[in-house]
1. Going by Cα centres, region 210-243 and region 27-92 are how many Å apart?
2. Accessible area per residue for the chain in Å², computed with a 1.4 Å probe and the full protein assembly in place, what is it?
3. Of the peptides 179-185, 144-150, 273-279, how do they stack up when ordered by the mean number of other Cβ atoms within 10 Å, highest first?
4. Quick query: amide H of ARG272 versus all other amide H atoms, modeled in the peptide plane; which residues come in under 5 Å with a sequence gap of 5 or more or a different chain?
5. Just read off the accessible area of MET72 with the full protein assembly in place, 1.4 Å probe, to the nearest 10 Å².
6. What does the extension gain come out to for LYS148 and ASP227, with contour length at 0.36 nm per residue minus their alpha carbon separation?
7. When Rg is the radius of gyration of the Cα atoms in region 275-336 and Rh is its Kirkwood radius, what does Rg/Rh come to?
8. Using Cα centres only, tell me the gap between region 110-170 and region 301-336 in whole Å.
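The values are calculated or read from the model by the stated rules, or taken from the named source; none is laboratory data. Everything numeric in this text was worked out from a predicted model, so none of it was measured. FYI the Cβ positions are ideal-geometry reconstructions off the backbone, even for glycines, and counts take in every protein chain you see. SASA here: full protein model, heavy atoms, side chains in, ligands and nucleic acids out. Shrake-Rupley method; radii C 1.70, N 1.55, O 1.52, S 1.80 Å.
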Amino acid sequence: MAFVEVSASARSGEFWEGMMRVGDSFAGGGGTLVGAVQAGCEPVWAGNHDAAAVECLRRNFPGLRVDHADLMNFDWTTLPDLDVWMGSPECIGHTGARGKEMPHHDASRSTAWAFVQMLDVCRAIGRSLPRVLVVENVPAFRSWILYKRWRGCLRDLGYAIAEHVLEAGWFGCSAERARVIVVGVRGKRVPLLRWEKRPAVPALDVIDWHGGTWNPVEGRARELAVDTHRQIADGLARFGDRFRIRYNGRERRAGVAQDPRRPLGGPTTRDRFGLVRAFNGRPEFRMVAVREYARAMGFPDSHWLPEEKDAALRIVGNAVAPPMARAVLEQIQAKL
C-alpha cells in the first residue's frame with residue numbers, strides 16, 4: 001500500500017466523548033457535512049451567505065441548524081458548542097484562475113479572518129473553543145501575504161497547526177482537485193495523519209453514456225467551433241466511441257480530447273466540459289450533466305441539488321469532495 005504522510009507525529013490518547021459535533025462555515029452545498037456524516041460525526045451547525053446553498057443544506061440535512069448569513073458580520077455568541085469547526089473560506093482571491101487582480105479579491109481573501117473572529121469571541125466570553133479546526137482552500141492560500149499572520153493568530157488562540165496538501169483523486173473521486181487542509185488542534189501537537197492513496201476513478205465510471213440529450217455533431221443549427229471539431233476528430237481517432245472534450249461556446253483555446261479512462265477532471269462553477277459518443281457510426285455531443293460533476297466529486301446521487309443549472313454548478317464547483325472530508329475526520333478521530 002502507498003501511504004501519504006502529511007504532518008508531524010504526536011502522542012495519541014482519549015480526546016473525544018461520544019460522537020464528534022461538527023460545524024461548517026462557508027458550507028456551500030454540504031460536501032464537508034456529507035463527509036462528516038459518513039465519518040460517523042454529528043453535524044450541528046452550518047452557515048453560508050448564498051441562498052441556493054442554504055436551501056441545499058436544509059434539504060439534505062433536515063434538523064441541522066443552518067444560518068443564512070454574512071459570516072464576516074455574524075454573532076458568534078449564538079454558535080452551538082462544537083468539537084470540530086470546519087470551513088472553506090472563499091478561494092477566488094487566491095486561485096490563479098481568477099484572472100486579473102481586482103479589489104473584490106481582497107474581500108474574498110478576508111473571509112479567512114472569520115475563523116479568528118469566532119475563536120476570539122468565544123475566548124472573550126469564556127466559552128469553550130472547538131478542540132479541532134479544519135480549514136480547506138486552494139494550495140495558493142499559503143501564498144497569501146497575510147497567511148503567516150492568520151496562522152499565527154490561530155496559534156495565539158491555542159492551536160497547534162499543520163498543513164496538508166491533498167488530492168481528491170486519492171480518495172476515490174473522479175475529480176482532479178488539489179486542496180490545502182489546515183488542521184489546528186487545541187492543547188496538543190498535531191498527529192501523524194496518513195491515508196491510503198487510491199487511484200482516481202475514470203470518467204467512464206461517473207458518466208451516464210446512455211442518458212441525457214445527445215445531438216448530432218454535424219448538421220446542428222448552431223455550428224460547433226473549429227477547435228471543438230478538431231478535438232472531436234482527434235478523439236474519434238484516438239479513443240473511438242467515447243471521450244471528453246473541453247468546451248465553452250465562445251472558447252478559442254486549443255484543447256485536446258481526453259481519454260475516458262482518465263478522471264473526469266476538476267469541476268468549476270462554469271459549464272466547460274462536453275462529451276462525445278459515436279452512435280451508429282455518427283458522433284453525438286452533449287455537455288457533462290451537473291449530476292455527473294457531483295458524482296465525480298464523490299457526492300451520492302441522492303444529494304439534492306437545485307434544478308437551476310447555474311446554481312447547481314456553482315454549488316458543485318465550489319464544493320469540498322465528501323470522501324476527502326470523511327478521510328480527514330476519520331483520521332482525526334483515530335489519532336486524537
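1. If we compute the Cα centre of each part, the gap is 40 Å.
2. 46 Å²
3. 179-185, 273-279, 144-150
4. none
5. Only protein atoms counted, so the area is about 50 Å².
6. Separation in residues times 0.36 nm, less the Cα-Cα distance, equals 24.1 nm.
7. Rg/Rh for region 275-336 comes to 1.18.
8. Taking the Cα centre of each part, region 110-170 and region 301-336 sit 20 Å apart.
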